[in-house]
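Notes to accompany the following structure.
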């Protein structure tokens, strides 16, 4: 028998697409919640068509949609909306990231639902929040990375660069996830639901705390420094003699001395006035980089790493995706599981945070509408009723 999970017995109805809401609801499902994903009949969540890289399935979709049930409803059809309202009678959470105002126009706002469903937690994810001058503005991940100033500190001096992953969506999904957890805890105390308004701008803005404070009251903001650190040096990528790249990071003067003694094997450099404090090393980073590159040019990647380890200097390989798939630490900690999908079994990483009390739920990624009939029958719809809904193209 499987040990109970934290969210066993919790039902989440999610009107979701793309990344932010699906990422939040998948994490709720990981913890045992029943997540009913409402999709458009026929085509489903448009993220299903982003690519076909995973045995014909979309990479984004497989990542964010395991362990869910897929229910197809055309919410513009009154009979489909009636099905959704029936589901809400026994739901704990309604999560949505539809276009601005869309849920409210269907009568699915917190204000409209609160009286009939006082214990329901409603979580709305949007680009900019449910009020203010940007309320109705469409938002996508890249646009929020730009609005939140992320692009201004990411990339090279000549080229602003977005993150290679959907940072704004992920940030919003994480805050939706944790906010829903806290709302469930609060409901245990008050017996009442609550409304959560998650803004992608505010989520990524929170992650921009360091560069904002660094640039407080008009101070010079952190420069774009590629993979290097904006204010600590040496910290970032350096080439080895065999063509490999080693990432390393120094945090204090003790490490700087060890770096000079053991890694560069040039103890005198530690007291060189150009480099004897982080502020000096940062100001003279080009000169110091030249010395490091010259020393590393005589060594293989493995030899550089061995010296860094001997000096107790933090370092890492610059892995690509193949390197991450094959990472020995993930294998040693048995972090991979197979989950089902419309294309068959696919590997999936267990959620971060190994818990001694329970196993995460790692069930299949659903086909479009895979659970529609089963859910309708749970709600008491008979064969004739289901047939009428299909004929009307409401499901």
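A short reminder: the numbers here are calculations on the coordinates, not readings from a lab. These numbers were taken from a predicted model, which means no experiment stands behind them. Cβ coordinates were reconstructed from backbone atoms using ideal geometry, including for glycine residues, and neighbour counts include every protein chain displayed.
In table form, for the structure just shown:
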| quantity | calculated |
| --- | --- |
| Residue exposure sequence - 154, 159 - by fewest surrounding Cβ within 10 Å | 159, 154 |
| Relative contact order %, the chain, counting alpha carbon pairs below 8 Å whose residues are six or more apart | 20 |
| Estimated FRET transfer efficiency (residue 310, residue 159; beta-carbon r; R0 35 Å; 0.05) | 0.45 |
| Sites residue 202 and residue 43, calculated FRET efficiency, Cβ-Cβ separation with R0 41 Å, nearest 0.05 | 0.85 |
| Two-site FRET efficiency, residue 320 against residue 214, from Cβ-Cβ distance with R₀ of 30 Å, rounded to 0.05 | 0.45 |
| Cut-off 17 Å, label 7 Å out along Cα→Cβ of residue 358, residues of the stretch 160-188 by amide N | 177-188 |
| Ordering of 327-334, 128-135 by packing [mean C-beta count within 10 Å, highest first] | 128-135, 327-334 |
| With Cα atoms, 0 to 90° folded angle of helix 78-88 axis to the chain main axis | 70 |
| Among 372, 156, 64: highest mean-square fluctuation, GNM of the chain, C-alpha pairs under 10 Å | 156 |
| Spatial separation of Cα centroids for the stretch 43-82 and the stretch 298-368, in angstrom | 27 |
| Antiparallel DSSP beta bridges within the chain, percent to nearest 5 | 40 |
| Exposure proxy ranking, count of Cβ atoms within 10 Å, fewest first, for 146, 70 | 146, 70 |
| Relative contact order (%) - criterion: Cα under 8 Å, at least six apart; region: the stretch 235-317 | 44 |
| Residue order, fewest to most surrounding Cβ atoms within 10 angstrom, among 98, 186 | 186, 98 |
| Pairwise label distance in nanometres, residue 229 with residue 277, each label 7 Å out on the Cα-Cβ vector | 1.7 |
| The chain: angle of helix 285-296 to the longest principal axis, Cα-based, in degrees nearest 10 | 80 |
| Reduced Cα scattering model of the chain, Debye log10 I(q)/I(0), q = 0.06, 0.08, 0.13 Å⁻¹ | -0.33, -0.56, -1.14 |
| Folded to 0 to 90 degrees: helix 20-30 orientation relative to the chain principal axis, Cα | 80 |
